[in-house]
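The values are calculated or read from the model by the stated rules, or taken from the named source; none is laboratory data. Since we're looking at a predicted model, the values are computed, not measured. Reconstructed Cβ throughout: ideal geometry from the backbone, glycine too, with neighbour counts over all protein chains shown. Surface accessibility is based on the protein's heavy atoms, side chains included, excluding ligands, DNA and RNA. Shrake-Rupley method; radii C 1.70, N 1.55, O 1.52, S 1.80 Å.
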Amino acid sequence: MREREGGFRMTSTLDRIDEEVRFHDSQAADRAATYQSGRAELRFQDDDYLSHESWIRPAFLKLGELSGRCVLDYGCGHGMAAVVMARAGARVHAFDLSPGYVEEARARAEANQVGIQVRVANGEELPYPDGTFDAVWGCAILHHLDLKKAARELRRVLRPGGVAVFCEPWGGNPLLSFARNYLPYPGKGRTRDERPLDIRDLHPIRESFPDLEWEGHQLFGMIHRVVPAFRLSLLNSLDRAIIRGFPALKKWSRYVVLTMRND
């Protein structure tokens, strides 16, 4: 295994991509066993997505007005974000490296009676013309990629004045890193090369987006995952106040929101 580059520890590019496809197709197959196209399991309300983690709704607002705009769900997975954007009146394109997840996204759009254009693609080699999108959304995807390649492609497909917003796991907290590496918890599965971003990973992104903005989410909010009796809403309110008062503490967060503008 070679030295770290971008958001992962590199094996060969083809091996990495093949492993990502196998891993996420397996996830998608497990999910597909629980629904059929058009069944109620695929239908949802916007709040089900926007409120499922404390950083999603405020990050989504950074996309700005969506009605009538051409937007991309980058690494769409289950397709919930694509559906939410389509309901807001956007012209939505979506892609994922996993054919299984692409099928789920198509089925979810159909079940929720919205139109999206979804395809299999690689975030490091986007199949869209220059300046296609007004906005790009991604969640837990950049840390799987070569960040230099991904950022260049994002810059290329964004229109002047466009914005890309990504929510990504953050590796700056040593206690959280220990838990991720050694403690069991639901949903822990991951690929061999995958790892949370850290401060060093912002550099290749800034090569394409010099004015990159990043903000942290969840400090004490992480306690809720271990001790559910703690009220998450109160913990999140405490986190917002602490990070607002002491911005340097965002480096200890569980997740970060990255905002890239093509100004």
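Quick look at the numbers
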{"item": "Extension gain from Leu234 to Leu61, taking 0.36 nm per residue of separation minus the Cα-Cα distance", "result": "60.1 nm"}
{"item": "Environment charge of Glu215, counting only residues whose C-beta is closer than 12 Å and scoring Lys/Arg +1, Asp/Glu -1", "result": "+2"}
{"item": "Note, ³J(HN,Hα) from phi for the range 93-98, Karplus 6.51, -1.76, 1.60, rounded to Hz, x at Gly and Pro", "result": "10, 8, 8, 8, 6, 8"}
{"item": "The range 116-121 - phi-based ³J(HN,Hα) in whole Hz, Karplus 6.51/-1.76/1.60, Gly and Pro as x", "result": "9, 9, 10, 8, 7, 7"}
{"item": "Nitroxide proxy distance, nm - points 7 Å out along Cα→Cβ at Thr34 and Gln113", "result": "2.5 nm"}
{"item": "Accessible area per residue in Å² at 1.4 Å probe, computed on the range 74-129", "result": "37 Å²"}
{"item": "Portion, in percent, of the accessible area of the range 100-158 that falls on carbon or sulfur, probe 1.4 Å", "result": "43 percent"}
